[in-house]
Amino acid sequence: MNAIFQVPKSGNEPVLAYRPGSPERAELQETLKTFRAREVEIPLLIGGKEVRTGNTGECRIPHDHNHRIGVYHKAGPEEVRLAIAEAAKAWKDWSRLPWEERAAICLRAAELISKKKRSIINAGTMLCQSKTVHQSEIDAVCELADFLRLNTGFMQAMYQMQPENFAATWNRMEYRPLEGFVFAVSPFNFTSIGGNLCMAPALMGNTVLWKPSSTAVYSNWLVMEVFREAGLPDGVINFIPGDSSSLAPTVLSDPALAGVHFTGSSQAFNSIWKTVAGSMDRYRTYPRLVGETGGKDFVVAHPSADLQGLSTCLIRGAFEYQGQKCSATSRAYIPESLWPELRESMAESLSKIKTGPVEDFSNFVGAVIDRASFDNIRSYIQYAQQCESCTVVMGGGCDDSSGYFVEPTVVLTTDPHCKLMEEEIFGPVLTVYVYKDSEYREVLELCDSTSPYALTGGVFAADRKAVKLALEVLTHSAGNFYINDKTTGATVGHQPFGGARASGTNDKAGSIYNLLRWVSIRTIKECFNTPGDYRYPFLG
Ligand code: NAD
């Protein structure tokens, strides 16, 4: 007490390499074996108590879908009401707890994730979401540890933002938590997003109901266990997996709903927004709606682009994690002078890329998340195979016999408005449109007006004028814009993340701007020289 504390300075968590023979690789391989050999039962966590409803779902390995690694209990309206009551109970102490105590829990959780629990979090994510070791490491360990650590610094910076003061008055701002609970709804594709959607509002003093994606319950539960071990009090984050159709209406129409922290598809967020809009008369406070949603992320190459860099960034940006990143490159505009050589270079790389189970570390591409996703991606490839304007020039194979495998696929189209250029596929499919070198400006305009999304995008050019023109024409086409780099891989503290248009509210996850949404400011003015006469001089 009686001190102005400073949170520890932290950089980004270093990414481990998992080279053959390294200790981290040996430990992870052991943990993978252990996780494969056992089946876990995952409860709900409400008010610190484990709840089992008997209504269960299954956790299966996407690259070996006959193998079950867990079952999880699903929440229904009754458990939702209990969780809301427990969140309200916990709010009384948690919302008043000194901020440094809340920060300490996050910092301890980050240490657990980066050390003692590293192989556990990685093994869980690799098996549950079919991520290669590198993809899991940069997500479930490094990005989550970064969110947890760096958000404490953003919180401190926010609290230090205070109004001007002059001698006779003292103006202060208090960053109060929201009055009610926050509903955190997370997607399957990033374990770190699950951890951040619930913990960022909690760090700011809020209590939370966390609904993880049904296909990521296994890894997200491991994160929940880390939070408990780090000392998170009962009822601050309540873990309620289940079917959104049976949970969401009860949560969203509750008078105490103070905010929604969502990441997922635009359709799901639209549905949440409409439910909230329809319940406006019930709420105690206007709920904050933060949603980071879909993308149709682009690359525009100028004739001056470096070909090898472009080829590498397209391969990594489009196919890492099977193209299941909101930021994955899924449409590319290539000048005709570069296309023949680029096509050859990409085909050569793809011929060496291996697709298969991620426990074999030589595979670059794993399986897509589930049957529904596999069927959806395959339907786009089949459409391309039949469509007159499209040619599948690389990949195209799909095999669901043991796992949900889709080969990295490149489609060439002569129609820049074909649906593969406009719709989010969320799989390893890159569609290329080849343009005349002289039509660079026109192609930038085409790119801007083609899709409803505006999440990530990039330009490849050596010519500075071409870069400048792209920045200008594509001002509103992406919330995260890259110059001569892939469209994926934003890191916390360096590239605050989010897009506009149909890609979300652009509240920039992993930044002070996001945390600001989870507080409600009280301004306090204190006067040290209170006037004693109502009359102003002009009255005389
Ligand atoms: P999804 O929309 O199917 O599910 C996301 C979450 O919302 C899940 O927990 C799901 O159960 C829940 N949900 C679905 N419908 C709902 C409804 N009507 N009401 C309440 N909750 C509902 O998304 P997904 O398949 O898990 O993830 C992929 C999507 O997420 C893609 O569209 C991708 O672009 C997007 N995404 C965006 C970002 C970003 O930062 N912009 C990051 C990751 C993923």
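The values are calculated or read from the model by the stated rules, or taken from the named source; none is laboratory data. Everything numeric in this text was worked out from a predicted model, so none of it was measured. Using ideal geometry, Cβ is built from the backbone for each residue, glycine included, and neighbour counts are taken over all protein chains shown. Note: areas computed on protein heavy atoms with side chains; ligands, DNA, RNA excluded. Shrake-Rupley method; radii C 1.70, N 1.55, O 1.52, S 1.80 Å.
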Cα gyration tensor shape for the stretch 10-115, rounded if a/c is under 1.5, else prolate or oblate: oblate
Within the stretch 297-483: Cβ-based charge dipole about Cα centre, in debye rounded to nearest 20 (Lys, Arg +1; Asp, Glu -1): 300 debye
Per-residue [θ]222 nm for the chain (sum of -39500 (n - 2.57) over DSSP H runs n ≥ 4, rounded to 500): -11500 deg cm²/dmol
Under 5 Å, built H, 5+ apart or other chain: amide partners of S213: S186
Separation between Cα centres of the stretch 284-325 and the stretch 97-147, rounded to whole Å: 23 Å
Residue-normalised accessible area of the stretch 1-138, expressed per residue, 1.4 Å probe, Å²: 50 Å²
Loop trypsin sites (Lys or Arg not before Pro), the stretch 376-457, which have at most 14 other Cβ atoms in a 10 Å radius of their Cβ (DSSP): K436
Antiparallel DSSP beta bridges within the chain, as percent of all bridges there, nearest 5: 40 percent
Percent antiparallel among DSSP beta bridges (both partners in the stretch 297-483, rounded to 5): 20 percent
Residue-span extension gain [A347 to C387] - 0.36 nm each, minus C-alpha spacing: 12.2 nm
Stretchable slack from K115 to R176, in nm (0.36 nm times residue separation minus alpha-carbon distance): 18.7 nm
Cα gyration tensor category, rounded, prolate or oblate, for the stretch 308-391 with a/c compared to 1.5: oblate
Residues listed by number, the stretch 1-45, amide nitrogen under 16 Å from N165 label point at 7 Å toward C-beta: 2-5
Dipole of the chain, positive direction: furthest Cα of Q29, T414, S119, with charges on the beta-carbon: S119
Nearby lysines by direct alpha-carbon distance to K116 (threshold 22 angstrom, same-chain neighbours under 8 apart not counted): K9, K33, K131
Accessible surface of the chain [probe 1.4 Å, protein heavy atoms]: carbon and sulfur percent: 52 percent
No Cys partner within the rule (Cβ under 4.7 Å), the chain: C59, C106, C128, C142, C198, C313, C326, C398, C418, C447, C527
Residues of the stretch 297-483: accessible area per residue with a 1.4 Å probe, Å²: 39 Å²
On Cα atoms only, tilt of 217-229 relative to the major axis of the chain in degrees: 30 degrees
Chain lengthening between M1 and D399 when straightened (0.36 nm per residue, less Cα-Cα): 137.2 nm
Per DSSP, loop GluC sites (Glu not before Pro) in the stretch 325-405 with at most 16 further Cβ within 10 Å: E336, E388
M280 - accessible surface, heavy atoms, 1.4 Å probe, Å² rounded to 10: 70 Å²
Under 16 Å from the A88 label point (7 Å along Cα→beta-carbon), backbone N, the stretch 245-265: 250-259
Cα gyration tensor shape of the stretch 80-238, rounded if a/c is under 1.5, else prolate or oblate by comparing a/b with b/c: prolate
Helix 144-159 axis, angle to the chain major axis (alpha carbon atoms, nearest 10°): 40 degrees
Label-point separation in nm, Y286 to E336, each point 7 Å along Cα→Cβ: 5.3 nm
DSSP-assigned coil residues among chymotrypsin sites (Phe, Trp or Tyr not before Pro) in the stretch 482-540, each with at most 11 further Cβ atoms within 10 Å: F528, Y534
Cα-based convex hull, the stretch 387-540, per residue volume (Å³, whole number): 253 Å³
For the stretch 220-278, accessible area per residue (1.4 Å probe, heavy atoms of protein chains only), Å²: 33 Å²
